[in-house]
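Single-structure report; data block below.
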Amino acid sequence: MNEIWWLVMLIANFAMVTAAYRFFGKIGLFVWVPVSTILANIQVVQTVELFGMAATLGNIVYATSFLVTDILSEIYGKEEAKKAVWIGFFSLIAMTLIMNLALLFAPLADEFSQTTSQSLSHIFSLMPRIAAASLIAYLVSQQHDIWAYHFWRKRFPAQKHIWIRNNLSTIVSQLIDSVIFTLIAFLGVLDTAVLIEVILSTYVLKFIVAAADTPFVYLAVRIKSMVKD
């Protein structure tokens, strides 16, 4: 059943990115970056079984941030893509700081308030380490993705070759992200065997998402004429 929901989430995320660009233009893409970054760092605390492997959630929504930077690189250029990366970086710092300040407040004594406070603590008390892992992995992998996209674009400049530059840049970037994030976030928390499985499963899932997002880069180029920036 998890696999079905994973596919539903995949479609939903791609649809939301496309809708954000169609209705709000470049600003919609900029907005999606912090949305995807924040949601991914909340979802990643939940581990599930997918396709027979242990995996964390958040892989799909996080991978869409690479789709967004590739669309920005393709249509608006390297500097706009870099701007989106820094927006995502700032949003993660802001979320971590503000939510950890929120945990310092003493809740009311009633059962609902106590339960809610405990639930928030379970999620966001992990944030400093996860956020540190995410920040480092995010910056390194996204900077590589933008550099690699334009590296391959110089060698395959035709529009029909978008799939080459999109996949070659994202596939390597996702590997870099998976290794850095998982080691920093979960080393010493998960057993070594589970840690390795999470790295492999996370990368396999991101690889699938990266391959599946290619048509949406072409779609973004096609609907550019319908977008008001």
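Observations, loosely collected:
Quick grid of which residues meet (1) modelled with pLDDT under 95; (2) outside any helix (DSSP H, G or I):
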site: Leu72; (1), (2): no, no
site: Lys83; (1), (2): no, no
site: Ser91; (1), (2): yes, no
site: Thr96; (1), (2): yes, no
site: Met99; (1), (2): yes, no
site: Phe105; (1), (2): yes, yes
site: Gln114; (1), (2): yes, no
site: Ser119; (1), (2): yes, no
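- The range 16-59: number of residues that are among the small types (Gly, Ala, Ser), without any contact (Cβ under 8 Å) to a residue 40 or more places away in the chain and open to solvent by less than 50 Å² (accessible area, probe 1.4 Å): 4
- Glu197 meets each of the listed conditions (1) acidic (Asp, Glu); (2) in contact with a helix residue (DSSP H, G or I) (Cβ under 6 Å, 6 or more places away or on another chain); (3) part of a helix (DSSP H, G or I); (4) at pLDDT below 85 apart from (2).
Here's the yes/no breakdown for (1) assigned to a helix (DSSP H, G or I); (2) touching a helix residue (DSSP H, G or I) at 6+ places or on another chain (Cβ under 6 Å); (3) at pLDDT 90 or above:
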{"position": "Trp5", "(1), (2), (3)": "yes, no, yes"}
{"position": "Val17", "(1), (2), (3)": "yes, yes, yes"}
{"position": "Lys26", "(1), (2), (3)": "yes, no, yes"}
{"position": "Leu29", "(1), (2), (3)": "yes, yes, yes"}
{"position": "Ser36", "(1), (2), (3)": "yes, yes, yes"}
{"position": "Asn41", "(1), (2), (3)": "yes, yes, no"}
{"position": "Val48", "(1), (2), (3)": "no, yes, no"}
{"position": "Phe66", "(1), (2), (3)": "yes, yes, yes"}
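- Residue ID - most open to solvent (accessible area, probe 1.4 Å), chosen from residues in the range 148-177 that are farther than 22 Å from Tyr218 by Cβ and without any contact (Cβ under 8 Å) to a residue 40 or more places away in the chain: Leu175
- Residue match in the range 69-86 (condition: surrounded by fewer than 15 Cβ atoms within 10 Å (Cβ to Cβ), over 13 Å from Gln142 (Cα atoms), more than 17 Å from the chain's Cα centre (by Cα) and in contact (Cβ under 8 Å) with a residue 40 or more places away in the chain): no
The values are calculated or read from the model by the stated rules, or taken from the named source; none is laboratory data. The model shown is predicted, which means the values in this text are computed figures rather than measured ones. Positions of Cβ are generated from backbone atoms using ideal geometry, with glycine treated the same way; all protein chains shown enter the neighbour counts. Surface accessibility is based on the protein's heavy atoms, side chains included, excluding ligands, DNA and RNA. Shrake-Rupley method; radii C 1.70, N 1.55, O 1.52, S 1.80 Å.
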